[in-house]
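Here's the structure, in structure tokens; my notes come after.
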Amino acid sequence: MAKDIDWSSLGFGYIKTDYRYVSNYKDDRWDIGKLTEDETITLHESACVLQYAQTCFEGLKAYRTVDNRVVCFRPDMNAKRMADSAKRLEMPVFPEERFVNAVEKVVKANMDYVPPFGSGATLYIRPYMFGSNAVIGVKPATEFQFRIFTTPVGPYFKGGAKPISLRVPDFDRAAPKGTGHVKAGLNYAMSLHAIVDAHNQGYSENMYLDSATRTKVEETGGANILFITNDNTVVTPKSDTILPSITRRSLMHVAEKYLGLKVEEREVFISEVPYFKECALCGTAAVLSPVGRIVDHKNEILFPSGMEKMGEITQKLYDTLTGIQMGRIEPPYGWLREIR
Ligand code: PLP
Ligand code: COI
């Protein structure tokens, strides 16, 4: 029985669901893992995560399809990216196959929280891992906890599909050879001041530039960026210091193979942004959120698609991607994992 939740008015917030998955790592091995109803965690005061932020996470979603199946979108890709994050942060990898099985298990246990088809809401899945034993010298933990919780969510940005405004901040997100390419909690900790400052000034997000030269577009705090040229080419920044978004890689495939568009993953200079006709943010939480305006200090860039609705190509990409996720359009092999 679906829970009594007003699905269509959900924002992007935490709602407790019945079960979460937990597995502990100790003496060089992961235990077998289990579901628990306890959403709280008790930690040592000197746990490595609390002192030195040794933590990484993932984000993916489960959808109810047009024919009432429940599917997860490309969980194997999140498993792989979390393995990359763990290695970069000196944490043990939670085996990729076990990751996918645990996602399935926790979604199955919370099936009644998977929002109905057509409600505009989805079940957000948050796997994460942290160093749990006491350390005081700067070194990695030797004990870890891997968990997955779920929460039903609506649109990440208020206003849903309405175009948002970004600003180019005076803060950097990631350094060359730093951790920008992995999903480390520390990347988000350092973005909190910048996002509060952006919100205070009326912007939805920060569009970060590369910290080495401050000339190239990177990404926002929680999503990659796509641009559309006047001749309908889909352009996305190529950089070693941005998160390799699964949504972005999926959209580039959709653009090329489903919509027959030209795609380019390349360096994008801030100086060329005024010449694009559409812009959007892409990610699991953001899905594909249109951008109408970018303010770079004294320069204001207004995209021809305007502040009222998505641009034409953005809309096509959105319809095709969400059509695949909701089972209305045939997916590429392996993109949907059915939960039964
Ligand atoms: N970039 C950042 C910094 C993110 O936090 C996210 C969210 O996961 C993304 C990009 C989008 O990645 P994905 O499409 O895999 O969710
Ligand atoms: C996601 O899209 O899953 C993310 O992790 C982004 C986060 C800012 C909510």
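The values are calculated or read from the model by the stated rules, or taken from the named source; none is laboratory data. From a predicted model like this one, the values you see are computed outputs, not experimental measurements. With ideal geometry, Cβ positions are generated from the backbone for all residues, glycine too; neighbour counts draw on all protein chains shown. Accessible surface is based on the protein model in full, side chains and every heavy atom, while ligands, DNA and RNA are left aside. Shrake-Rupley method; radii C 1.70, N 1.55, O 1.52, S 1.80 Å.
³J(HN,Hα) across region 34-39 via Karplus (A = 6.51, B = -1.76, C = 1.60, θ = phi - 60°), whole Hz, x for Gly/Pro?
For region 34-39, the Karplus curve yields 7, 8, 9, 8, 7, 8 Hz.
Which one of Gly327, Ser191, Val103 is farthest out on the positive end of the charge dipole of the chain, using unit charges on Cβ (Lys, Arg +1; Asp, Glu -1) and the Cα centre as origin?
The residue sitting most towards the positive pole is Gly327.
How compact is region 151-190 by the rule of thumb for globular proteins, expressed as Cα Rg over 2.2 N^0.38 Å?
1.58
At 1.4 Å probe size, with no ligands or nucleic acids counted, give the accessible surface of Asp296 in Å², nearest ten.
It works out to around 30 Å².
Treating cross-link reach as a plain straight distance, find the lysines whose alpha-carbon is under 18 Å from the alpha-carbon of Lys316, omitting any fewer than eight places away in the same chain.
Within reach: Lys162, Lys257, Lys262, Lys277.
For region 196-269, which trypsin sites (Lys or Arg not before Pro) are both in a DSSP coil and crowded by at most 16 other Cβ atoms within 10 Å?
Counting only loop positions with at most 16 other Cβ atoms within 10 Å, the trypsin sites (Lys or Arg not before Pro) in region 196-269 are Arg214, Lys238, Lys262.
Charges at C-beta only: +1 for Lys and Arg, -1 for Asp and Glu. How large is the resulting dipole of the chain about its Cα centre, in Debye rounded to 20?
340 debye
Carbon and sulfur: what percent of region 1-110's accessible surface (1.4 Å probe)?
Carbon plus sulfur share of accessible area: 47 percent.
Let me understand region 9-95 better: what is its radius of gyration from the alpha carbons, and its Dmax, in angstrom?
Values for region 9-95 (Cα only, Rg and Dmax): 15.8, 49 Å.
Return the calculated 222 nm mean residue ellipticity for the chain, to the nearest 500 deg cm²/dmol, obtained by summing -39500 (n - 2.57) across DSSP H runs with n ≥ 4 and dividing by the residue count.
Calculated mean residue ellipticity at 222 nm is -6000 deg cm²/dmol.
What order, most packed first, do the peptides 329-337, 190-198, 274-282 have when packing is the mean number of other Cβ atoms within 10 Å of each residue?
274-282, 190-198, 329-337
Where the Cα atoms of the chain are projected onto their three principal axes, how long is each span, largest first, in whole Å?
Computed over the Cα atoms, the extents are 56, 51, 35 Å.
What does region 164-325 give for Rg and for Dmax, in Å, if only its C-alpha atoms count?
Gyration radius and largest Cα-Cα distance of region 164-325: 14.7, 41 Å.
Taking a virtual spin label 7 Å from the Cα of Phe171 along the C-beta vector, which residues in region 194-219 bring their backbone nitrogen under 13 Å of it?
Within reach of a label on Phe171, which here means backbone N under 13 Å from a point 7 Å along Cα→Cβ, region 194-219 contributes 194-201, 205-209.
Please list 3J(HN,Hα) in residue order for region 45-57, calculated via the Karplus relation 6.51 cos²θ - 1.76 cosθ + 1.60 where θ = phi - 60°; whole Hz, with x for glycine and proline.
With coefficients 6.51, -1.76 and 1.60, one gets 4, 10, 3, 4, 5, 6, 8, 10, 6, 7, 7, 9, 8 Hz.
Show me, for region 209-223, the HN-Hα J-couplings you get by feeding each phi into the Karplus relation (A = 6.51, B = -1.76, C = 1.60, θ = phi - 60°), rounded to Hz, glycine and proline as x.
9, 5, 6, 6, 10, 6, 10, 10, 6, 9, 7, 9, x, x, 6
Between Thr36 and Met1, take the C-beta separation as r, use R0 = 22 Å, and let me know the FRET efficiency to the nearest 0.05.
In this case the efficiency is close to 0.50.
So with the 1.4 Å probe, I'd like the accessible area per residue for region 67-196, rounded to whole Å².
It amounts to 41 Å² per residue over region 67-196.
Ratio of alpha-carbon Rg to the 2.2 N^0.38 Å globular estimate for region 7-153, to two decimals, please.
1.09
5 Å is the cut-off here: which amide hydrogens, built 1.01 Å from N in the peptide plane, fall below it relative to Leu261, excluding neighbours closer than 5 in sequence?
Glu256
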